[in-house]
Each structure stands twice: as structure tokens, then as C-alpha cells.
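The values are calculated or read from the model by the stated rules, or taken from the named source; none is laboratory data. Quantities reported herein were computed from a predicted structural model and do not represent experimental measurements. Here the Cβ positions follow ideal geometry from the backbone for every residue, glycine too, while neighbour counts run over all protein chains shown. When the accessible area is computed, the model is the full protein with side chains, heavy atoms only, and any ligands, DNA or RNA have been set aside. Shrake-Rupley method; radii C 1.70, N 1.55, O 1.52, S 1.80 Å.
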Amino acid sequence: RSCPTGVFLLDIKQNELKMKPAFFSKDSCYLPPLRYPALCMLREDARADEYQYIIHGGKTPNNDLSDKVYFMSLVNKTSKKMTFQCIEKDLGGDVPEARYGHTINVVHSRGKSMSVLFGGRSYTPLAQRTTEKWNSVVDCLPSVFLIDFEFGCCTSYVLPELQDGLSFHVSIARDDTIYILGGHSLQNNTRSPNLYKLKIDLPLGSPAVTCTILPGGISVSSAIVTQISDTEFVLVGGYHSDNQKRLACNTVVLEDSKIEIVESVSPEWTPDIKHCRTWFGCDMGKGSVLLGIPGANKQIIPDANYFYILRCKGAEEDKEEELITQICSQTSSEDPGDSTPFEDSEEFCFSAEANTFDADDADTYNEDDEEDESETGYWITCCASCSI
């Protein structure tokens, strides 16, 4: 609650978790605090150092669903303060309905780029609601949305291979291909082992979207993926069922339009992690995963969260994985009675590519880093003549 924007910067350095509030420029739009939206990074090319975050959908603290799209980019960085710009993007065409638990990826084909949105859950349409299930949620239709953010247009595709809606699945993109695995279907109450391959061709005319069902999928929901090399990823965490965590880890290799998923050596999970019912986390970039468990599992400080860092190493480092001991505990500032429980392991968190706090984060005085008291709030301008 001490953060005026609801967005925090997280970084782990020397086994210490650092958390700082993010600041926004005066020309930024209002970004409401969202829980489990779809997040991805947009770069001009794979080697670009500058990038933007695309934020779509999600639940608000009032349990409203959002269909908004936001672009967030870093505009200023000092050793004491990082300032972002947040812009709301208007879309036209087949605009995706408000949802959560979905994914969004960026594909590149023939020198063009396009964003691909799939899956998620939404509230039951008004015409189908009953008194008993007024706020119940359903799977969104299994349509694939191609979004051109440059021109603000969307096109939906219905593919015969995609029959059931999915939420909290895993999507991994490379070049013009997206692989979708796992996920939970509310309609069937199953976590499908199917593995889908979406190929996006972007010629001069209309895009072409094809889907292929591949063998070798994994039945899991809410898993976390971290990239450890150009072609290698690690799949961590998630759930086999509502009451069973998935403690195994997998290495995913993408090469020559092919995917290979093999089980890798799992870390020696601590007893706290093994015995907890619920866990959550996110990719911190560069092979690091932040994992958290509610304090109720430890029965010491019930309203605290305990965090761990999992570092995954690639083949060049003998594919070693190491679980560092508990590094931090953060007392929750949220009243549990004011919000609904998390589904699976979703939280609104995003990585800053592990360079949020660089070597220049030393506690040295710099006059430019002093807080400007005129910018301590989250300022927005409602019109050109606004003086507030």
C-alpha cells in the first residue's frame, strides 16, 4: 500500500531480495493494479536491448475483468529511481474479451512481427447467468487472436485442432512458432497432456495460422518457464491437480521448428516447499525463478510469504540446477478478507531482465536522485487544460 502505482521492481542480489516501487512519468495513463494479466516483452529484434512490456487483461482487486492493453517502457533510470511510461493501446477488429489466465507471445515472420493471444477465462455472459452462479467463470472460446499493435487491429482464428478452452497453460515462442502445452479446462476439469504447435506465416497479404497436435505433452497448469539459452528453456512448478503440486522439472529444447521435452534432475526441494499445498512464483530472467509459499504452511507467521530462488543452468554448465536456501520473508500488507484466494499460482509480477538493479545501485549520493516532491503521487492528466 506504500507503493502509489501497485507495481514493484524485484531483484535478487547476493541472496537478498530487493523490492522497490516503480514510478511513472506524468504523461502515463492510469494502470490499475491487476492480478494475473498476460505479460510479454516486445523487442524490435531478438538482440535489441530496449524493449516494452505488453500487459493485457487480468482481474482488478474488485474482481472486475479487464480487456485493456497497456504498453510499459523504461524512460529514465538512476541509481535510486526507475521511471516508466505507461500507455493504453486502443484495438479494433476482433478485440479479445476481458479475461485472465491467458498468454500472449510475439512471433517474427518474413521481417514482420505480430502478437498472438490465446486462452483464458472470463465471466459467464450476462444472458447465461443465474442467481446461484452470477459471478461464475467459464473458459474463453479456443480462438487464436493475432494482434498488430502498430496499427491497433485484431483478427481471430478458429482452428479445428483447438476444441477446448485452456487457462494457465504454458506458451513458448521462437521465430514464427508458438508451442502451447498443459493448461486447465474448466468444462472438463482436466489438465490436458496435449501439445499444440501454432505456426504463424506473415506474407504481404493475409496472415496464415496453422495448428498441429504433437505427442509428448505434459499435464500441468500454472507452470513457470525460464529461458537458459537461445534454444533451451526450463519448466518448473505448477500443479498436476487442484491438490497436487508438480515437483518435477523439464528441459524444453526448440531447434529447427522442433520441440523436445525431457525430464531433468529436480532440485532438492526444502521440506517447507514439499509439504506446502500452494505455491506461486514468476520468471526472473536469465534462468532464475522466484518461488513463494504462504506462511500458513509454516505455521510461524500466518500472514507472511516465504520466498526462494531457483537458479537453472544450461547444458554448457552441465545442466545443474541449484535451490538456494530461504532468502527472505515478506509480511503481507493485504487483508485476506479483502480479496479472493489465488487460483493455482497466479500473481501479477514481471521480470526486468535481472538488470533492474545494476552495479550502480550503490548507496552513493547523487543530487539528481533526490525525490521531486511534486512527483510523489501517481499523476495523470485528464485533458490539455487540466491544472490538477
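What to note about this one:
- Contact order for segment 153-267, expressed relative to its length and based on alpha carbon pairs under 8 Å spaced 6+ residues apart, stands at 18 percent.
- 29 Å Cα-Cα threshold exceeded, pairs from Lys20/Lys133; Lys20/Lys89; Lys245/Lys286; Lys112/Lys313: Lys20/Lys133; Lys112/Lys313
- Calculated on alpha-carbon atoms, Rg and Dmax of segment 1-137 in Å: 17.4, 54
- Estimated FRET transfer efficiency (Thr130, Asp27; beta-carbon r; R0 56 Å; 0.05): 0.80
- Summary of packing: across the peptides 258-268, 190-200, the per-residue average of other C-beta atoms within 10 Å ranks them, highest first, as 190-200, 258-268.
- 13 Å beta-carbon shell around Leu204, net charge (K/R +1, D/E -1): +1
- Solvent-accessible area, 1.4 Å probe, carbon plus sulfur percent, for segment 1-138: 48 percent
- At R0 = 25 Å, FRET efficiency that the Cβ-Cβ distance of Trp269 and Asn188 yields, to 0.05: 0.25
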